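What follows is a set of notes on a single structure, which appears directly below.
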Ligand SMILES: [Zn+2]
């Protein structure tokens, strides 16, 4: 075996040596020993200088204890100027086997994944995972990772299979606006950092015809839901969405779109302009900053869209009884109905129709649970048959428009869950639907001038957007 393994070296320089050795095999063991030694010396002389510089894999295994010929007692006794295999191997390991390079990995979070499990699948030790998670948690709670989150990892593989790999860094987009990076500081400790993503701003135009609802029509035109909700909020002072909207009413809006580096919508900015063409009304509103500070929406004449009172202080209700003369459903005789009844499921929130001070919030005879708010300009609003009051609502406190004050119920003299809503002006009941009292903010002087300049600018943008859009739609039809 020993001869065969070295035959490769011998055949070139001393082809007869092995043949000699093979012959010697059958002779006495003493003779054989001498020849064997001779062969080994020849091997050293011939093999060592050419073969050591770059040990091959087969050479590496020869160097292992008990396997190779270098364990021969003869060699051990003779100190050799030539380095031992173990020394050579050691040096060469240091010289020619570089540390493994860091590897990059992308991991997409799936349902049921944990950060711990994910990291351990890359061979990172439990201790290191614990440290990494602890550092990360200071900036980002790992439980907020959702399926679809893409994690970018940099891992230092272990040089030995028995040792764990090491995490160099971990980063991912926490949401549309924030990136999180877990990195090592100068001492190798994990630190997590949060970076605000730089989003681009683009103007987007949307328009459509209503078939069922404004929201539905906008959604099918590809307008982001957030922009539509902003739009509905702005229009809610002027429009009762349950009753004023008809099929074939048209709408248009200009809004800001915040884009990420790929150009896709990461977030939605404010609505800049909107137009709603109803059967009897044409509402056109522009966003404008008063004194460069407070943002509001104004019509063509510079009048604020904000109204003193909401015409409907609840969402999604239907009018079960209008204002005026009617036959009372319980008492049976004709009398004036001094408010509007909105039927909606019990528990539906009721809003303060405008800024004001709560005058009454208590059980009040046939009205059941009852709230009355005093507003500016000698206006009051009243809310009856409430299931209950919202937290913190009591007489004497100040409320803002749209704050939830109570919930629709059927307390007092009532046939089913509904809100009885009254508007009182100078102690006289008025029809809530006819009340569109502006807050009084009308732009004047230099403010009106700069508003008009802004309005012209917005109009130009709309014209350009409309032209672009028309161009596209013609192409689409072809
Ligand atoms: Zn009523």
Conditions (1) within 20 Å of residue 234 (Cα to Cα); (2) part of a helix (DSSP H, G or I); (3) more than 16 Å from the ligand (Cβ to nearest atom); number of the one not met by residue 433: (3)
In segment 185-227, the residues that are surrounded by 16 or more Cβ atoms within 10 Å (Cβ to Cβ) and part of a strand (DSSP E or B): 190, 192, 203, 204, 205, 206, 207, 208
Every residue from segment 337-379 that is in contact (Cβ under 8 Å) with a residue 40 or more places away in the chain, within 16 Å of the ligand (Cβ to nearest atom) and assigned to a strand (DSSP E or B): 340, 341, 342, 343, 350, 369, 370
Count of segment 96-141 residues which are surrounded by 14 or more Cβ atoms within 10 Å (Cβ to Cβ) and without any contact (Cβ under 8 Å) to a residue 12 or more places away in the chain: 1
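Here is a yes/no grid of residues against (1) modelled with pLDDT of 95 or more; (2) closer than 24 Å to residue 299 by Cα; (3) assigned by TED's automatic domain parsing to the domain that holds residue 351:
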| position | (1), (2), (3) |
| --- | --- |
| 387 | yes, no, yes |
| 397 | yes, no, yes |
| 408 | yes, no, yes |
| 411 | yes, no, yes |
| 426 | no, no, yes |
| 429 | no, no, yes |
| 447 | no, yes, no |
Any hit, segment 431-446, residues being within 22 Å of residue 362 (Cα to Cα) and surrounded by fewer than 19 Cβ atoms within 10 Å (Cβ to Cβ): no
Selection status of residue 423, over 14 Å from residue 348 (Cα atoms) and within 16 Å of the ligand (Cβ to nearest atom): yes
Per-region count, segment 123-143, residues modelled with pLDDT of 90 or more and assigned to a helix (DSSP H, G or I): 12
Pairs, first touching a residue at least 24 places away in the same chain (Cβ under 8 Å) in segment 311-325, second part of a strand (DSSP E or B) and more than 13 Å from the ligand (Cβ to nearest atom), C-beta under 6 Å, six or more apart: 313/350; 313/351; 314/350
Check on residue 111, in contact with a helix residue (DSSP H, G or I) (Cβ under 9 Å, 6 or more places away or on another chain) and either at pLDDT 90 or above or not assigned by TED's automatic domain parsing to the domain that holds residue 188 (or both): no
Scan of segment 380-420 for residues that are within 16 Å of the ligand (Cβ to nearest atom) and in contact (Cβ under 8 Å) with a residue 60 or more places away in the chain, ordered by number: 381, 383, 408, 409, 410, 413, 415, 416, 417, 418, 419, 420
Enumeration of residues in segment 230-286 that are free of Cβ contacts under 8 Å to residues at least 12 places away in the same chain and part of a strand (DSSP E or B): 282
Segment 298-312 - residue that is modelled with pLDDT of 85 or more and buried (at least 21 other Cβ atoms within 10 Å of the Cβ) and, of those, farthest from residue 445 (Cα to Cα): 309
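The values are calculated or read from the model by the stated rules, or taken from the named source; none is laboratory data. For clarity, every value in this text was computed on a predicted model and none was experimentally measured. All Cβ positions, even for glycine, are placed from backbone atoms using ideal geometry, and neighbour counts span all protein chains on display.
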